[in-house]
1. For the stretch 180-193, state whether one or more residues are under 28 Å from residue 51 (Cα atoms), open to solvent by less than 60 Å² (accessible area, probe 1.4 Å) and either in a strand (DSSP E or B) or in contact with an Asp or Glu (Cβ under 9 Å, 6 or more places away or on another chain) (or both).
2. Is it the case that the stretch 155-173 has a residue that's aliphatic (A, V, I, L, M) and free of Cβ contacts under 8 Å to residues at least 24 places away in the same chain?
3. In the stretch 87-137, which residues are open to solvent by 50 Å² or more (accessible area, probe 1.4 Å) and among the β-branched types (Val, Ile, Thr)?
4. Name the pairs whose Cβ atoms lie under 7 Å apart, with the first residue in the stretch 15-31 and part of a helix (DSSP H, G or I), the second open to solvent by less than 60 Å² (accessible area, probe 1.4 Å) and at pLDDT below 95, and 6 or more positions between them or separate chains?
5. Restricting attention to the stretch 40-77, which residues are over 21 Å from residue 23 (Cα atoms) and at pLDDT 95 or above?
6. In the stretch 56-80, which residue that is surrounded by fewer than 24 Cβ atoms within 10 Å (Cβ to Cβ) and free of Cβ contacts under 8 Å to residues at least 60 places away in the same chain is nearest to the chain's Cα centre (by Cα)?
Amino acid sequence: MIPRELLITGAEELGISLTVEQVNSLFIFLAELKKWNSRINLTAIKGEGDTVIKHVLDSLSHIKGFIPAPGLRLLDMGSGAGFPAIPIKIACPGIAVTLVESIKKKASFLRHAVRTLALSGAEVMDLRTEELPDSYHRVFDVVTARAFADMKTALVSGAPFLKHGGLMVLSRGPEESIKEQELAGTGFTAQRKIELTLPHSEYKRAIWVFKKLDG
């Protein structure tokens, strides 16, 4: 199956219907990623089919963890090469996305991608998450962290930026879990765990959804 069909049918399997324009934008993004990757090592996954499955479809699977209503604000910690935030933004253009990436070269790529794709409502912050200004505290509906340490560290790092009742959505391998005693004191409750196999693969993932309880 060609990469374009992998993406379209894989997204449908995840419950996401992509327009022709969205599919085109995702492949423009992957083409820019391939160009930049030869210079600054953004990802070790280089085959187009694998990139579609293990990066793009994996990113889109995060949408199972929240309802992407227009006006929703999403913060992505440690965005790296733009996963999951850029595929989510392309698939859900009505939401606002903030990508946080402290490595300057990677942040430069993210800004280039946002400009190239003309993604309105997307911004890149080249800071460590804890360095974000106070104006970013308690304003986000969803925080994602795809490759950001362990789950407890991600929860503690993302907590200051979520509104009361906001959601932390984490994609992890099926073997990773968090104990109740680790969750205690974080201000979160585990809302649900969505186990899935990425379309067109045997790559198993678990989408963990945590709800922020405190103010």
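1. no
2. For the stretch 155-173, residues aliphatic (A, V, I, L, M) and free of Cβ contacts under 8 Å to residues at least 24 places away in the same chain: absent.
3. 103, 116, listed by residue number.
4. Every condition considered, the pairs that remain are 30/51.
5. Those that are over 21 Å from residue 23 (Cα atoms) and at pLDDT 95 or above: 65, 66, 71, 72, 73, 74, 75, 76, 77.
6. 63
The values are calculated or read from the model by the stated rules, or taken from the named source; none is laboratory data. A quick note: this is a predicted structure, and the numbers were derived from the prediction, not measured. Heads up, the Cβs are rebuilt from the backbone with ideal geometry, glycines too, and the neighbour counts pull from every protein chain shown. Please note that ligands, DNA and RNA were not included when accessible areas were found on the heavy atoms of the full protein model with its side chains. Shrake-Rupley method; radii C 1.70, N 1.55, O 1.52, S 1.80 Å.
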